[in-house]
Each structure stands twice: as structure tokens, then as C-alpha cells.
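FYI, it's all coordinate maths here, none of it is from the lab. Only a predicted model underlies this, so the values are computations on that prediction, with no experimental measurement involved. Cβ placement follows ideal geometry from the backbone for every residue including glycine, while neighbour counts extend to all protein chains displayed.
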Amino acid sequence: MSLTGTPFLCTTVVLAAAALVLPLVLWSRTRGPRHLRVAARLLMLLFAQGTAVTLVFVLVNDQNDLYDDWADLLGTGDHVQQAADLGPDGTGGIALRRLPAVRQTFTAAGGAGMNAAGGVRVTQLRGRVSGVNAEVYVWLPPQYHDPAYRHRRFPVVELLPGYPGSAKAWFGAMRVHEQLLPLMRGGEVAPFVLVAPRTNLLAGVDTGCADVPGQVNADTWLSVDVPRMVRDNFRVQPAPRGWAVAGYSAGAHCAVKLAVAHPGRYRAAVSLSGYNDPIGERHSLAAQTPALRAANNPFLLLRKAAVPPAVALYLSGQSGDGYQAGAALESVAEAPTTVRVVFLPRSAGGHTMELWRPQVGTVFRWLTLQMGQSRARGRDTSVAWVTPRSPSSGGSRHAAPASGTASREAAARRP
């Protein structure tokens, strides 16, 4: 039985109801020696508590798309076939242009929200360079099949969830395609192709979207294999002009890191409540060694860059949970790098979908403008939240603005 399916949810509801009724009916009717009656009543109480906890977990998981299946939940899933040392550029010296086209078969994706706004498609991709074998979800804008746009190539945004998190979360809990559909039809937002690849590739650990030889090539999976497959199967714009990446929580860290590290692959990145230092996620492979931490910290990458990358960054967050990280990037950014930092008050919500979901329209209007999609009437409404002129350190360690790291405690909270 699927972890996220309706049958499992209905089963947990029935069991929870039965567990509540059972003690009411049988408590005084239990017969036998005293120790057996005590044991039977204890089992009834444990059964009631267990089913109640299970039901709450299922409801939370369905609402936030934390785990896709039993393998993700139990830590037995492994989507890495090999993890060769691919070098600093993540290609292993492979001439990517000479590789044959990647032709994929797509089917309708199942799950909450996946049939809305025209439906989401899914395919199982074997990464030729990264050695990752995992699913990729794709949503096409309403203009894609319009005859008036048959010669048009579309911009792309890769969507990355937090950890733990399902690739479906942007379409399920975030409802990104449902929110954007009317904005795209009305011309307020460019008709982006939305791509959500799996990021939970190893059991029980966050990859940090890093290439770690011998363990996983998550960076190459996200920035090489997935984009190549999308370009080979859909009418999309070339990189970097037509490509952006967005994420929330741990996915926000990944989005900024990928854009800063690969300006030849991405034009823009969006970070919702992210962090810079990989240690912000205590289970991150990218935090294993000082060298890995430095190589995957966008603050250090920007500060040490011989040539500032031509990328645009949008970072929103609360004090102690994303804002200081954005302010730190802004403090070291030099043209042509641009950084927009948006401060969110505590009253806007916490480290949850309720904080990130309402920002979808704003960030996609910003992406429309930054990526030169002038045919859409993009309007930057992010000024709805006032941005303080100087970084606040409230709720974070004093070193946070200088190091580019929000407090570990705040950053470690996961939806």
C-alpha cells in the first residue's frame, strides 16, 4: 500500500477510530486474571496511541510532501548507481555536446495536486554523467501547446524541495502550477516550464546538492543530467539565459549554490528561508569536511570568485532563518551579480509551507523580469514586505551576518 495514497490514509483513519472505540466497549468487559486484564488494557491504550500518531504523521506527510514512499521513510531508498570523480566542473571531461539525445517517455503523475492546472508529467531518468537514477516531474505552461507559440522556446525553472522532501512538494503542498496558471494566462508571469527532479537520492542523508566522489554526484544530476534531458525533450531556451533554479529550506541553499557555482548553466536563483554554510542541515554530505563545506558555501564562492558570476539572486527569510544569509551574500556581491534580499516578519509565519506558498507569485514575477521575458508584464511586488536597510542579528548568532550562516537551530527546522 502506497505511503501517500488515499487507501493508506483511509486505513489509518479507520484504525484510529477503531482504537478509540475499542477501550470504550471492552474496558469493563475484559475477563481473566488481573495481570491479563491489565495487559489487555495496556495493549488497547498502546494501540490507540500508535494509531493516533500514525494518523497525524500521514496527514502531515500528505500536507507537506516530506516522504514519497516507504523507502524514503525507512531510509532504504538509494538512487545512486555510481558516483565517479567528475572533477570540479562535474562533467568528468565528458564532451556533453557529443552525447546522443536523451529521449524519455513521460506519463501522468499521481498524487495530490498533480492533476491540477493541466497535469504534471513524470519520467524515470538515468543520469548518464551523474550515475543517478531517479524521477523528474515536468509541468508545461498553457502556451506550450498553443499553435501561436509552436515556434517558441520557453524558459525553465528547476524546483528543489527541502530535506526531507519530495520532488512533488512544489506541485502538491506549494501548488505552484495552480498559482501560476492564471498569472501566465494573464501575461503577468512568463510561461515557464517547471521541472522538479528528485533531490532525496541517498537513504537518511541530505546530499547538499554536492558532488561527493564515491557517494553521490547530486550537483551533476541537477545541473547537467536533468537540464540536458529537458532540452532534448521539450522546446526550451538554452542555458544560461533561459534557466533558473528555486528552492525552499535546504532546497534554497541548493538553488543559490548551483547558480553561483554554475553561472554558465543558470541565470537566476530564488532562495526561500535558505542558508549558506552546508552545516545548516546537520545531515548534509556537503558538511562532512571543511573542504566540502567551503566548496558548497555560496557566500565563500562569491567572495573568492575571480570574476563575479552574472547571476541574479532573490533571497527571502526571517531573522535567524534566511535573512542573514541573504544579507551576507548581498554584502560581498559585485556586478554583474545582483542580490535582492527580502525581510519577512515573524507574523508572516514560520519555517513552513504557509510562509513559502504565498511567495510564489512574487518570485515568479521577479524571475520574469530578471530573465528578460519582456513579453510577460512582470511586476515586482516583493516590496510588499519592507526590507530593513541594515541586517538584523536578532534570533541568530552574532557571527551570522559575517559568515553568511543563519543560526543552525533555525536553519535546521524542516517543514
Label D146 and T123 with points 7 Å out from Cα along Cα→Cβ: what is the distance between them in nm?
2.4
Counting only the backbone N, which residues of segment 244-267 are under 19 Å from the spot 7 Å out from the Cα of A306 toward its beta-carbon?
260-265
Output the peptides 250-259, 38-47, 158-167, 327-336 sorted from most to least packed, where packing is the average of other Cβ atoms within 10 Å over each peptide's residues.
250-259, 158-167, 327-336, 38-47
Using all alpha carbons of segment 221-375, what is the percent of pairwise distances in each 5 Å bin, ordered from the shortest bin to the longest?
2, 10, 19, 22, 21, 16, 9, 3, 0, 0
Evaluate the relative contact order of segment 284-364 (contact order divided by residue number), counting alpha-carbon pairs under 8 angstrom at least 6 apart; express in whole percent.
26
Computed FRET efficiency, Cβ-Cβ of S331 and N115, R0 35 Å: what is it to the nearest 0.05?
0.20
Students often get this wrong: which residues of segment 96-117 have the backbone nitrogen under 18 Å from the point 7 angstrom along Cα-to-C-beta of R235?
none
Give the calculated FRET efficiency between H35 and A203 to the nearest 0.05, with a Förster radius of 45 Å applied to their Cβ-Cβ distance.
0.60
Whole-Å semi-axes of segment 302-358's equivalent ellipsoid, largest first, each the root of 5 times a Cα gyration tensor eigenvalue?
26, 11, 8
Determine the gain in length on full extension of the stretch V13-V56; use 0.36 nm per residue of separation and subtract their C-alpha separation, reporting nm with one decimal.
14.5 nm
The Kirkwood hydrodynamic radius of segment 259-328, taken as the inverse of the mean 1/r over all distinct Cα pairs, in Å, comes to 12.7
